[in-house]
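The values are calculated or read from the model by the stated rules, or taken from the named source; none is laboratory data. Computed from a predicted model, the values in this text were never measured in an experiment. Note that each Cβ is placed from the backbone with ideal geometry, even for glycine, and that neighbours are counted across all protein chains shown.
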Amino acid sequence: MNGLISGYVKSVRHGQCLTIEFFHPKSNSLPGTLLMELGFQIHAAGLDEEVRVILLRSAGEKAFCAGASFQELGSIKTAGEGEDFFNGFAHVFNSMRKCPKFIIARVQGKCVGGGVGLVAAADYAIALTGAEIRLSELSLGIGPFVIGPVMERKIGLSAFSQLAIDANSWRAAEWAKSRGFYSEVHATKEVMDESIYRLQNYLSHSSPDAMKEMKKMFWEGTSHWDQLLAERAKISGKLVISEFARKAINKG
């Protein structure tokens, strides 16, 4: 676990339920080091025979995830560095896709950019009513290329394109739920956490073999994503060093 300045990713197991929590002082944004650690811990959880269900959550009571770290985006100097950074998101999404355990996302606050992708890559998402979502990438001169396949799979091309094109607008949690992005939306944290506990408990007593086969079924047709997301990361890596993107990121 890293220090508070750079944030952390930590895993805690209770019985057959594993909680993976991430934190960053900048609204739970994700620099490259946290992305790699998050992907690693999800992969490790998938290999742990004692774990049957994974809860993905962020720390704090406000934002779930502000997406890519602006500080790190602003420090990228070459297309190769940009590609490496966006491959961090590809690494996380592919780890979630390949993990043979169901992943529940606990979404207590707003999601932006790559944070939206994290929730979309989960198998079941339970959120609060204030958990609005926004894909801000176009406003930064890049675009939601790496998270595109994850979003299109989750909510369809039409809803994804609405989010991607209108990059300055927030969409309400109920909008997201009506399109299958959130599985449940609750008015209070207590009710949200009660629902999460109920589902975790149920899945922890379910057949691991059946859940593994179901996960394969749900993600059928994505075996090419290792290559696809790497290609998308290369596009983002080139765009992030453009003059437009540099100005937009520095302004943000």
Original post:
Residue check, Ala248 against (1) modelled with pLDDT of 95 or more; (2) more than 27 Å from Ala127 (Cβ to Cβ); (3) not charged (D, E, K, R), all met but one. Which one?
Top reply: (1)
**OP:** Determine if region 135-147 includes at least one residue that is of a type in the set (Val, Ile, Thr), surrounded by 16 or more Cβ atoms within 10 Å (Cβ to Cβ) and more than 26 Å from Ala90 (Cβ to Cβ).
**Re:** no
Original post:
When you scan region 84-110, how many residues do you find that are farther than 13 Å from Val240 by Cβ, surrounded by fewer than 20 Cβ atoms within 10 Å (Cβ to Cβ) and not basic (Lys, Arg)?
Top reply: 1
**OP:** Go through region 239-251 and count every residue that is touching a helix residue (DSSP H, G or I) at 6+ places or on another chain (Cβ under 7 Å) and more than 10 Å from Lys77 (Cα to Cα).
**Re:** 5
Original post:
Given the structure, is Ala125 in contact with a strand residue (DSSP E or B) (Cβ under 7 Å, 6 or more places away or on another chain) and not in a helix (DSSP H, G or I)?
Top reply: yes
**OP:** Taking Glu152 as the residue in question, decide whether it is within 17 Å of the chain's Cα centre (by Cα), surrounded by fewer than 22 Cβ atoms within 10 Å (Cβ to Cβ) and free of Cβ contacts under 8 Å to residues at least 24 places away in the same chain.
**Re:** yes
**OP:** Determine if region 77-85 includes at least one residue that is assigned to a helix (DSSP H, G or I), farther than 27 Å from Lys216 by Cβ and polar (S, T, N, Q).
**Re:** no
**OP:** For Gly115, state whether it is assigned to a helix (DSSP H, G or I), surrounded by 24 or more Cβ atoms within 10 Å (Cβ to Cβ) and either in contact (Cβ under 8 Å) with a residue 24 or more places away in the chain or within 14 Å of the chain's Cα centre (by Cα) (or both).
**Re:** yes
**OP:** Please indicate, with yes or no, whether at least one residue in region 53-67 is among the basic types (Lys, Arg) and over 23 Å from Asp193 (Cα atoms).
**Re:** no
Original post:
From Glu21, Glu72, Glu81, Glu61, which residue is under 19 Å from the mean Cα position of the chain (by Cα) and closer than 29 Å to Phe244 by Cα?
Top reply: Glu72
